[in-house]
Structure formats: C-alpha cells, structure tokens
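Quick notes on the structure that follows.
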2 protein chains.
Amino acid sequence: MSEKKQPPKTPIRELGKYELIDRLSARFISSNEATLQGVGDDASVACFHEALTVSAQKMSLEGVDFDLSYFPLKFIGYKTAIHAMGQVMAMNAIPLQLLVSTGVSQRFFVEDMEELFMGVEAAARLYGADVTAIDIQSSYTGLSVAVTAVGEGNAGLLTRRCGARDTDLICLSGSVGGAYMGLQLLQREKRVFNGEAGKDRLPDLKGHEYILEQYLKPVLPAALLENLRKDDMVPTSMCLLYNGLSNGVLSIAKASGTGAKVYVDKIPIARECFEYAQANGNDPSPLVAALNGGDDFQMLFTLPLTCYETLSKEYTLDIIGHICEAPAGCTLITPGGKSIPLESPGM
Amino acid sequence: MSEKKQPPKTPIRELGKYELIDRLSARFISSNEATLQGVGDDASVACFHEALTVSAQKMSLEGVDFDLSYFPLKFIGYKTAIHAMGQVMAMNAIPLQLLVSTGVSQRFFVEDMEELFMGVEAAARLYGADVTAIDIQSSYTGLSVAVTAVGEGNAGLLTRRCGARDTDLICLSGSVGGAYMGLQLLQREKRVFNGEAGKDRLPDLKGHEYILEQYLKPVLPAALLENLRKDDMVPTSMCLLYNGLSNGVLSIAKASGTGAKVYVDKIPIARECFEYAQANGNDPSPLVAALNGGDDFQMLFTLPLTCYETLSKEYTLDIIGHICEAPAGCTLITPGGKSIPLESPGM
C-alpha cells in the first residue's frame, strides 16, 4: 500500500494493441503435447487423448472481484486463472489451455498488462496449462479479465455435482474461511490508508501473511485430486468452493436431490482465522467466514462411506459430515448436537 | 430509439442470482450428442469424435463494443456469441458449446438478462451450438459479456492463419463495409435523438435495414465453409474479419510470411454502402469502411490457384487478389493499376 517510486510507464497506445499482444504472447510458448495451436490465431486447438473436453470460464471485474487499491495486478491475473482452472479440476479433469481476454482503460500501461499476464503465467505454470489465446481491448470503465480454462477429462472419472448419495461422506480438501478473513484485513487496512481510522495509524499487514495469501494467492488441491485418481477413488460429486462452504454443500445437495449434515467441529478453520477474528471483535466470526465467505478454492466432494478407512488413514483431508436423504434437509450440527439449517445468500 | 411504455421490470436482487441463472438455464437444454454436461455444474463437458478441441473467447464491453442507447440487449448477446463462434469456424471447426459470463450493474433487470440471453439462444440455434455455462455477477460499471465457443475440429481440415503460399487466391465469403456503415448510421441517429442535429429532425433508420442488420445482426458464412469441406477444398489459411479487410489480409500475410495483392475493384461492397455514403458526404467512403471498418464477420481465406475454376463456377464468393512473396509487401491495386500499401491501425 506504500507508494514507491517507479520508472515511467509506457502508454498502451504508444506500443499499439497488436504489438502489446505480440510482446505478451512471447511469454507463452505452448508446452503441452495436446496444444496444437496456441496464441496468434482465431482460436486455440487441442488434441485430447482422453476423449472429453472440459471447459469453464471466469470473468473478474474491477470493484466487484477485486479492488485495485490493494489487489496487485499480478494476483488478479493469477486468481482469475486459478478460478477457471479450479472449475475444470472440480470435474476431475486436467486444465491444459487458458484463453485470456482483458478490457483495459487508459489508466493502464504496457507494464501493468505485463504484470497481469505474469500472474496468469504463474498460475498456468503451477498446473501445467498453456496460455493459448490473448486478447486486449479498450474499456471505458476499469479493468475486466475473462479467463477460459479448457481441459481434458475421462468419462469414467468425471465428477458432476449431481452424484452424491445418502450416507456418502462429505470431504473438504483443506481449510476454509481464510480468504474471506484476508479480504476483511485488506479492506480494514484500506480504510487506515485512507485515514478513516485516525491519521496516526499506519497500514499493518504483518503477521497476517496466511490469510492474505489465502485471498490473494490461493492454490488448488491438484495433488490431492491426482492421488484420488491414482487410488481409483472417484468422488460421487464435487464442486469448487468460491462462494463459501454452505453454498457448496447446498449446491451439491440440490443437484443430487439429497440432504446433508455438516458438523461444525469438523470444519477445518486455520488458527490464523481465529487470531484475526479475536483481534477484531469476532466480526466476522471464523465460522461465518468459513460458511458464507468466499474465494477459498478448496474442493468439496463426496465419497462412499466405504472409503472412510482409506481416507482417514492415507489422506490429509477433512471429512466434515455426510449426505442424507432429501427430507432431512441440509443442516449444520453444533458440538452440542443442535441442528441449524444451512443457508447461503441467494440459494 | 423511441421510448415505449413497458410493463414494470423485476430487480435482479428480488429474484436472486441463482434463481435468475436457473430461469435462464431453462432455455438451454443441450441438444448436441457431444454435450455431456451443460449448464449447472462447475464446467462444461463435451465428447468430440473428430479428436480436436477448438476454443475461442470474445468479451464485449459497454461503451466500446456496444452503445446501449442504440444496441438492443438481444443483439449484444447474439453478436458476442457470433463473434466467438466465428473464430472457431475460422479454424474450419464446428462450434458446439457456448459458455456465457455476464457482469451487470443495478441498472439491469431480470427481463433485460432474459433479452440478452434470447440473443445468445438465437445465435446458438442458428449454428447448432449448446449453451453449456451461464454466470451472472455484479458489475459497478455497465455491462460486460464474455462468450467462449468450444468446438470440434479435424486435424486434416484445420485452417490456421499461417498457411498461405505464393500465388494462392485470396477469397472473401461476402461483402464488407456494411457493418461499419450501419454503426455510422446509428451514431448519426443517436446525435439526432439527442437533439445535436437540430430539434426538428427525427431519427430515421428506414431504408437502411441492410447496413443496420450487418452491424447488429451479422450472420456467419457457415454454409460456404461446409460446402468447401464437402468439396475437399481446405483453405491454406483463414481468418474471421472483425477489424476490417486490411487487418485480415495483413494478419494472414504476417503469419504466413508472405505478401498479398488485393484488387480494389474486386472487393465486394454492397450497393447500400454506396447509397449511404453518397447521402453522407462520402465520409467514410465505402472503400475505407471495407478496408478499415469492423464487425463484418466474413471469412477471409486463401486457396491454391488450382481451385480457381471450381470456385468461380460453383461458388458465390469473391476472389479479391492473391498471395505473393514477402518482399513485394501487402498492397492494394487500384483500377488504374497503382499500388498502395495496405495499412491497418496498430499493425
């Protein structure tokens, strides 16, 4: 949040749209055998041996998905790519190509676009995807980034949301709530930066690296998914968590025509979330952040009860509850044994 | 442009995002055998028999790609989908799935979104694609629409931009410049509507249906491409025209490492373009509209000289010039035989 002296930046019009696209494209030499045509043509081309093509798109908009006053451009490119790839992974497929379109206003410079695409590159490398299309266009109103991930799937491994069955275990790839706490921290420090919290306070992000990373630089549980495939454990249903745990559970239950029980004391919430909440009047509480926060990018999935032993012995994931029949509804079970209806805004 | 009385509209927050997505999704029952998973999951899934997956994305932004004061929402959905599908067709592939993300501010209502998606539906039906993903999110700043088209390709039929060779014929699927003239007309009539052209004048779009349709409701030359495939004529290069004819010729020549000669008197320009230009002080001239206008959505492609007889006898397309060696550059040949360098802004 501090203003550092920067070398002068290059206006995009000075370089021209095509020259800028060429310059950015130079970063992206396709390395997947599947990629037959990368950046530089009308469309991307892939040859998938596993027969299924799995695609997902995410559009990030300034002011809604990110606030540029605290969201570095690199992380916007990174996170939008992670979101699109995560959706492909949530079908138990492998993202292999990324198509990226951006809309930029005159506030942005060539160097800004390079930073944005450095983030896309980092995400693509992390999961072995090729960036195969780049478009840059003018925008009157802020920054928009749309990323499509195209991947390869296998019919026998596909995990839709609709396959959960009564007694299935509800599993979570890792802890939730941290990203939302990170967002709260950034918004708090923005108010400090703007002087709204008294002029003597200085922004302070130290000691909160964990929740900041969860929000700005989330990672996907690709290794866990790979291990499940190796062990021939195909989730009966799966979805990427980006609107909170409640939203994920409800969307799987709705698609599958089932109910679900989630045990509060089984939900993995990082120590750092509790620490931040405690220092900030418990608003939001870590549980609220986990249930109704967003951007966790964990996988929520179900597996038959018979997998219990293998999962608890050989995997570091969390079994947070189980699927039940539809009439029982979707509920949260407190440590004291009380049932509370699971709710998510808009569902 | 006239204000008609409308029944009251429903605020999106009243229905909720998920209910709205459900309502819109109901329109889109997948009909392609290739579509294994349509709307309602993390990602779309397709099974393509022809082995290649061909994908392209187009993002349309308010104020840049469309002006809502004269661009009906239906046509925004339609045209963005056409653009994405056109890019897949430009690889000689068949678009089969559309993924649609929208960002909408509070100005927009449920009925507006229904209108937008009616346009997407019309485009999808026209070319036999399924809409397999719908996302709606908030936007602080106007309307954004991103459409990804995913299609099926065949390795032996793929048409990249880079395959044009010396002496190849340069072909155009239909007339150019009309869309740009349509845009000029709409901008002129917006000024009239706003009273900038004197208060006695009333907007008048009559008699200009052709150029308006070219701009608002373009069609793609899918039948021509199918006929070429049936006749085993695989273009050596191809691209979709959306930034003017010059841009298309230059991008094929650049990718192929060749030059190109285009004959002014061979460029197909509709009578309606000349009529509109004549009535408006020849600004822009029909030739300028054809060369540097945009949104024509014609295919520009090259075929070996040996195809000449078949093309001229059995096809209604235009042969506008030929590829030449790189040192000769890309030139426009006037009816008088003069050579003028082909230019396109930013290239």
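In segment A:256-267, the condition of being out of contact with any strand residue (DSSP E or B) (no Cβ under 6 Å at 6 or more places or on another chain), among the basic types (Lys, Arg) and in the same structural domain as A:HIS322 (by TED's automatic domain parsing) is met by no residue.
Here is a yes/no grid of residues against (1) under 19 Å from A:ASN92 (Cα atoms); (2) modelled with pLDDT of 90 or more; (3) of a type outside the set (Ser, Thr, Tyr); (4) in the same structural domain as A:ALA123 (by TED's automatic domain parsing):
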| site | (1), (2), (3), (4) |
| --- | --- |
| A:LYS199 | no, no, yes, no |
| A:ASP204 | no, no, yes, no |
| A:TYR210 | no, yes, no, no |
| A:PRO221 | yes, yes, yes, no |
| A:GLU226 | yes, yes, yes, no |
| A:ILE252 | yes, yes, yes, no |
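On the basis of being in the same structural domain as B:GLY281 (by TED's automatic domain parsing) and in a loop (DSSP other than H, G, I, E, B), does B:GLY195 make the cut? Yes, satisfied.
Listed here are the residues, each with its yes/no results for (1) free of Cβ contacts under 8 Å to residues at least 12 places away in the same chain; (2) more than 21 Å from the chain's Cα centre (by Cα).
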| site | (1), (2) |
| --- | --- |
| A:TYR263 | no, yes |
| A:ILE267 | no, no |
| A:GLU272 | no, no |
| A:SER285 | yes, yes |
| A:GLY293 | no, no |
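Of all the listed residues (B:ASP166, B:ASP135, B:ASP112, B:ASP130), the sole one being in contact (Cβ under 8 Å) with a residue 60 or more places away in the chain and within 20 Å of the chain's Cα centre (by Cα) is B:ASP130. Return the residues of segment A:113-142 that are out of contact with any Gly (no Cβ under 7 Å at 6 or more places or on another chain), part of a loop (DSSP other than H, G, I, E, B) and either at the interface with chain B (Cβ under 9 Å from one of its Cβ atoms) or surrounded by 24 or more Cβ atoms within 10 Å (Cβ to Cβ) (or both); say none if nothing qualifies. Selection gives A:ALA129 alone. Can you find a residue in segment B:180-188 that is surrounded by fewer than 15 Cβ atoms within 10 Å (Cβ to Cβ) and assigned to a loop (DSSP other than H, G, I, E, B)? Looking through segment B:180-188, none of the residues is surrounded by fewer than 15 Cβ atoms within 10 Å (Cβ to Cβ) and assigned to a loop (DSSP other than H, G, I, E, B).
Among the residues of segment B:299-311, those identified as buried (at least 18 other Cβ atoms within 10 Å of the Cβ) and either of a type in the set (Gly, Ala, Ser) or part of a helix (DSSP H, G or I) (or both) are B:CYS307, B:LEU311.
Candidates B:PRO268, B:PRO218: the one that is buried (at least 21 other Cβ atoms within 10 Å of the Cβ) and not acidic (Asp, Glu) is B:PRO218. The residues of segment B:16-63 that are β-branched (Val, Ile, Thr) and more than 15 Å from B:ILE136 (Cα to Cα), listed by number, are B:ILE29, B:THR35, B:VAL45, B:THR53, B:VAL54. Is it true that A:GLY103 is outside the structural domain of A:LEU303 (by TED's automatic domain parsing), of a type in the set (Gly, Ala, Ser), within 20 Å of B:VAL64 (Cα to Cα) and free of Cβ contacts under 8 Å to residues at least 60 places away in the same chain? The answer is yes for A:GLY103. Among residues of segment B:185-205 that are farther than 22 Å from B:PHE66 by Cα, those with a beta-carbon under 9 Å from a residue that is modelled with pLDDT under 80 at least six positions away or on a different chain give the pairs B:ARG201/B:GLY195. Within segment A:234-248, track down each residue that is away from every other protein chain (no Cβ under 14 Å) and either hydroxyl-bearing (Ser, Thr, Tyr) or crowded, with 20+ Cβ neighbours inside 10 Å (or both). Result: A:LEU245, single match. I'm trying to understand the selection: among the residues of segment B:14-46, which are more than 9 Å from chain A (Cβ to nearest Cβ) and without any contact (Cβ under 8 Å) to a residue 40 or more places away in the chain? Those that are more than 9 Å from chain A (Cβ to nearest Cβ) and without any contact (Cβ under 8 Å) to a residue 40 or more places away in the chain: B:ASP22, B:ALA26, B:ILE29, B:GLU33. Evaluated against (1) of a type in the set (A, V, I, L, M); (2) without any contact (Cβ under 8 Å) to a residue 12 or more places away in the chain; (3) over 24 Å from A:HIS83 (Cα atoms), B:ILE94 falls short on exactly one condition, (2).
One line per residue, one yes/no per condition, for (1) more than 30 Å from A:LEU186 (Cα to Cα); (2) part of a loop (DSSP other than H, G, I, E, B):
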{"position": "A:TYR276", "(1), (2)": "no, no"}
{"position": "A:ASN282", "(1), (2)": "no, yes"}
{"position": "A:VAL288", "(1), (2)": "no, no"}
{"position": "A:GLY294", "(1), (2)": "no, yes"}
{"position": "A:PHE297", "(1), (2)": "no, yes"}
{"position": "A:LYS313", "(1), (2)": "yes, no"}
{"position": "A:PRO327", "(1), (2)": "yes, no"}
{"position": "A:ILE340", "(1), (2)": "yes, no"}
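Only a single criterion out of (1) in contact with a Gly (Cβ under 6 Å, 6 or more places away or on another chain); (2) at the interface with chain B (Cβ under 9 Å from one of its Cβ atoms); (3) of a type in the set (Val, Ile, Thr) is not satisfied by A:ILE94, namely (2). Among residues of segment B:47-72 being at pLDDT below 80 and facing chain A (nearest Cβ under 8 Å), the one that is surrounded by the most Cβ atoms within 10 Å (Cβ to Cβ) is B:PHE48.
The values are calculated or read from the model by the stated rules, or taken from the named source; none is laboratory data. Note that the coordinates shown come from a computational prediction; the quantities given were computed from them, not determined experimentally. So basically every Cβ, Gly included, is an ideal-geometry build from the backbone, and we count neighbours across all protein chains shown.
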